[in-house]
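Only one structure is covered here, and it is reproduced in the block below.
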Amino acid sequence: MLFLSDHLFAQVNVKAKKLPDNVSSASYREYAPSLNADGTVLIFQANRKEGFNWGIYETTTQDGGETWSDPVGIDSINNYTKTNDLIGGPMISYDGNTLFFFANLDEGLGSEDIYYSKRIGKEWSAPINIGEPINSKEHESFPSISADGTHLYFQRFDTTLVEGGSNCFEIYVSKKQSNGEWGEPEALPAPINIGCEKAPRILSDGRTLIFSSIRAGGKGDYDLWMSKLGFNGEWSEPVNMHFVNTPGPDTFASISASGETLYYLNSQELDPKVLKKFPDETGQEDIFTIEITEEFKQYKNKTIQGQIKDLNSESPVQASFFVRDRSTTEYLFDMAVADDGKYALVLTEGVDYEILATKEGYSTFIFQEDLSSLSEYKREIKDINLFNHALLNLEIFDADLMQKIKGNITVYDQETNLLLDSIAVTYNTTSKSYQLELPIGKKYEVKVNKENFIDQSFHFDLSTMILYQKFEKSVDLMPKKIEMEFNVSDASTEEGILAKITLINTDTDERIEVDAEVGEDGKYKIEVRDGANYSIEVRSPRGYSFFSSKLKADNKKEFKVSLTELKPNSKLPLKDILFESNSADIIESSFKELKRLVKLMKDNPNIVVELAAHTDDLGSDKYNIRLSENRAKSVAMYVMEFGIPKNRLVPKGYGETQPTVVNDTDENRAKNRRVELMVLEINN
């Protein structure tokens with residue numbers, strides 16, 4: 001190569017460099033180099049098979065192309081054919097997931113057909129014929145795929161043209177249709193096809209085409225030429241790549257997405273050792289690299305590479321990319337990802353891109369790349385996580401109290417109305433909320449119910465584009481209510497009297513207060529929660545005892561209350577006054593009723609009362625008298641703590657002497673253990 005580098009390249013100050021001998025070997029012929037997007041994988045054709053037959057080989061670099069690994073044959077392709085079948089013209093897609101090539105196999109449509117293989121992990125699939133309309137009964141070879149996967153360029157044998165006794169080819173392009181099929185190929189117009197053209201290579205920008213041609217302005221044989229596709233859809237006049245062309249055939253160029261280095265094929269004089277072994281050989285093809293001068297560089301690109309994974313399992317997701325122009329919303333291209341989730345996107349300057357990564361049953365990931373002012377090649381590693389379940393955080397509220405409550409949650413398929421009992425529903429005791437794990441891709445109906453509340457439901461659509469995994473939803477359940485009538489009357493005359501009624505929901509602490517003036521003839525209509533437990537307190541403004549009880553709101557619609565007029569010798573049982581066993585110490589649960597007693601004494605400051613304590617018949621008479629006296633004193637002491645004078649309280653213990661029922665059962669004995677209030681006098 002001395003005569004090339006010393007003379008032809010000196011004028012542009014660039015120098016060609018042959019690939020290392022382990023790749024571009026003097027013992028073999030290399031053809032058709034092809035690079036992936038980041039230039040780390042090189043696929044080429046070589047006669048390294050048994051009997052020096054052609055096959056396809058792969059080599060990799062980790063140092064920017066200074067050194068390359070020993071080439072490895074792609075056995076799934078090379079061993080698929082007969083030993084002497086022609087395989088060649090490989091082109092690895094820029095994302096590294098598809099390998100295009102041509103071969104003359106028995107199963108083909110013509111003399112040579114275009115095939116492809118898909119990358120499966122570290123292996124390649126068996127060859128797949130790309131079929132019609134790209135392949136025909138003629139010769140199709142040397143495919144080149146655009147970085148976005150939408151245009152396939154190739155050469156087809158032109159039976160009408162012969163140059164110097166050799167057959168000529170034309171360059172064709174097929175465009176991928178909206179249904180994913182390849183369209184009818186079209187020959188590129190002039191100034192591309194004008195005579196003998198071959199070996200097209202569309203660069204990563206999708207607009208720069210390098211091809212070999214014999215035409216005016218060249219150096220005699222096939223030269224490398226470059227043309228760019230304008231935004232008006234027309235190809236520019238091809239420019240001779242003079243810095244690399246020689247008087248001999250110059251073909252099969254490849255450039256990585258960075259656009260800095262050209263890989264190409266050049267024929268050299270045979271190594272004497274090879275000529276001695278193969279005296280019939282007339283030339284030797286090797287792969288060279290050369291730095292591209294500025295005038296021949298493609299449009300600037302940005303390469304984005306990475307892997308798409310499941311967010312939870314971290315397993316690869318075979319998703320697809322959908323790319324459009326953000327400023328115009330115009331669809332640009334879509335591209336499938338390999339089964340191991342690895343991808344490489346090559347985006348060209350001048351466009352503000354919106355990129356969507358999607359897969360059925362998974363979320364969608366959207367990102368933007370504004371390359372409208374890109375001034376240099378850029379490369380980014382971007383791993384993408386998709387998820388196949390949305391997490392719905394559901395809070396259930398009591399619509400009246402706006403307090404969080406528990407409920408029952410069931411999920412249905414909205415379209416089939418089938419119960420989806422496999423949906424995971426968990427309850428968080430800290431946040432008092434539910435989390436539903438819902439697979440993406442369906443429309444759901446979520447039903448929420450709770451006893452004594454009105455059922456609620458809502459629709460949750462996960463069949464459209466899902467960008468976020470976590471959702472928040474709150475549901476207000478309205479309690480079912482019933483109307484109850486409270487009849488408050490004088491215990492002696494049974495005539496209705498005015499009273500203030502207080503109901504406290506013991507389940508929720510909800511408080512309902514009805515003023516005395518609301519009632520008519522002692523009748524009060526109050527709306528309460530169906531099934532709820534209430535404590536009731538009824539007291540007349542003045543001159544009557546109070547009433548306390550418990551109530552469960554259900555089918556009972558009427559509640560009668562009799563209040564005793566406060567006059568000498570009238571008695572009022574105090575409910576739920578409890579003491580520690582064999583003790584005068586009052587249990588805390590008794591304080592509510594004792595506070596009612598305090599209020600009665602304050603509302604009626606002119607009364608003097610006896611606090612009478614009673615026991616059952618267990619224990620001696622003497623012991624029970626002493627115990628009841630101490631308990632009566634404990635009640636008096638508690639009431640006096642709230643400012644009730646001592647002279648208005650007369651504590652007295654009666655022991656077991658005044659039972660209300662016979663002490664013959666535990667239930668009856670409980671009734672006899674009591675504290676009563678009796679009015680002793682009323683002072684005017």
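What follows is calculated from the coordinates using simple rules that are stated; it is not laboratory data. Please read all numbers here as calculations on a predicted model, not as lab measurements. Glycine gets a Cβ as well: all are built from the backbone with ideal geometry, and neighbour counts include every protein chain shown.
Which is the longest stretch in the chain that no exposed loop site breaks, taking sites as chymotrypsin sites (Phe, Trp or Tyr not before Pro) with a DSSP loop state and at most 15 other Cβ atoms within 10 Å?
Counting only loop sites that pass the neighbour cut-off, the longest clear stretch is 232-467.
Could you work out how much longer the chain between D515 and V661 gets when fully extended? Use 0.36 nm per residue separation minus the Cα distance between them, nm to one decimal.
Here the segment from D515 to V661 would lengthen by 48.9 nm.
Out of the GluC sites (Glu not before Pro) in the stretch 276-367, which ones are loop residues according to DSSP with at most 14 other C-beta atoms within 10 Å? Before the final figure, lay out each step's value.
On the way: sites: E281, E285, E291, E294, E295, E314, E330, E349, E354, E360; in loops: E281, E314, E330, E349, E360.
For GluC sites (Glu not before Pro) across the stretch 276-367 that sit outside H, G, I, E and B with at most 14 neighbouring Cβ atoms in 10 Å, the list reads E281, E314, E330, E360.
Report ³J(HN,Hα) in whole Hz for each residue of the stretch 54-60, in order, from the Karplus equation J = 6.51 cos²θ - 1.76 cosθ + 1.60 where θ = phi - 60°; Gly and Pro get x.
7, x, 10, 10, 10, 9, 10
Read phi for every residue in the stretch 658-671 and hand back ³J(HN,Hα) as whole Hz from Karplus 6.51 cos²θ - 1.76 cosθ + 1.60, θ = phi - 60°, with x for Gly and Pro.
10, x, 8, 9, 5, 7, 10, 9, 4, 5, 5, 4, 4, 5
Could you derive backbone 3J(HN,Hα) for the stretch 382-394 from the dihedral phi with the Karplus parameters 6.51, -1.76 and 1.60 (θ = phi - 60°), listing whole Hz in sequence and x where the residue is Gly or Pro?
Per residue, the Karplus-derived 3J(HN,Hα) values read 9, 8, 10, 10, 10, 10, 10, 9, 9, 10, 9, 8, 10 Hz.
Can you list residues from other chains, or at least 5 along the same chain, whose modelled amide H is less than 5 Å from the amide H of D507?
Residues meeting the amide H criterion: N533.
Tell me what the chain gives for mean residue ellipticity at 222 nm when only DSSP H runs of n ≥ 4 count, each as -39,500 (n - 2.57), the sum divided by the residue total, rounded to 500 deg cm²/dmol.
About -2000 deg cm²/dmol.
Output needed for the chain: three equivalent-ellipsoid semi-axes, defined as square roots of 5 times the C-alpha gyration tensor eigenvalues, in descending order, whole Å.
100, 24, 21
Can you give the angle from 0 to 90° between the axis of helix 591-603 and the longest principal axis of the chain, with both taken from C-alpha atoms, to the nearest 10?
Computed tilt is about 50 degrees.
Give me the number: length gained by fully extending K652 to S27, i.e. 0.36 nm times residue separation minus the C-alpha to C-alpha distance, one decimal in nm.
Numbers: separation 625, 0.36 × 625 = 225.00 nm, distance 12.36 nm.
Value of the extension gain: 212.6 nm.
Near the amide H of L105, under 5 Å away, which other amide H atoms are found, from residues 5 or more places off or on another chain, if H is placed in the peptide plane?
Here D113 satisfy the definition.
Around H389, which amide H atoms from residues at least 5 apart in sequence, or from another chain, sit under 5 Å from its own amide H, with H modelled in the peptide plane?
Amide H neighbours of H389: I440.
Given a Förster distance of 41 Å, report the FRET efficiency between E445 and K175 from their Cβ-Cβ distance, rounded to the nearest 0.05.
Details: r = 44 Å, r/R0 = 1.07.
Efficiency at R0 = 41 Å is approximately 0.40.
So how far apart, in nm, are the two label points at I120 and K382 if each is 7 Å from Cα heading toward Cβ?
Modelled inter-label distance: 3.0 nm.
Hey, rough spin-label estimate for N452 and T416, points 7 angstrom out along Cα→Cβ, what's it come to in nanometres?
Between N452 and T416, the simple spin-label model gives 3.8 nm.
Report the one residue of F154, Y222, G195 whose Cα lies farthest in the direction of the positive end of the charge dipole of the chain (charges on C-beta: Lys and Arg +1, Asp and Glu -1; origin at the Cα centre).
F154
Work through the residues other than E376 whose Cβ is under 11 Å from its Cβ and net out their charges, Lys, Arg +1 and Asp, Glu -1. Before the final figure, lay out the partial values.
Details: positive: K297, K300, K302, K378, R379; negative: E260, E349.
Neighbour charge sum, excluding E376 itself: +3.
Return the distance in nm (one decimal) between the two label points of a simple spin-label model at K571 and R215, each offset 7 Å from Cα along Cα→Cβ.
12.3 nm
On a 0 to 90 degree scale, rounded to 10, what angle separates helix 621-640 from the longest Cα axis of the chain?
70 degrees
Can you tell me the alpha carbon radius of gyration of the stretch 352-462 divided by the globular rule-of-thumb value 2.2 N^0.38 Å?
On the way: Rg = 20.1 Å, N = 111, 2.2 N^0.38 = 13.2 Å.
It is 1.53.
Pop the C-beta distance of N487 and L578 into the FRET formula with R0 = 30 Å and round what comes out to the nearest 0.05.
Computed FRET efficiency for N487 and L578 comes out at 0.50.
Full-extension gain between S620 and A187, please, as 0.36 nm times their residue separation minus the C-alpha to C-alpha distance. Please list the in-between numbers first.
Details: separation 433, 0.36 × 433 = 155.88 nm, distance 12.05 nm.
Computed gain between S620 and A187 is 143.8 nm.
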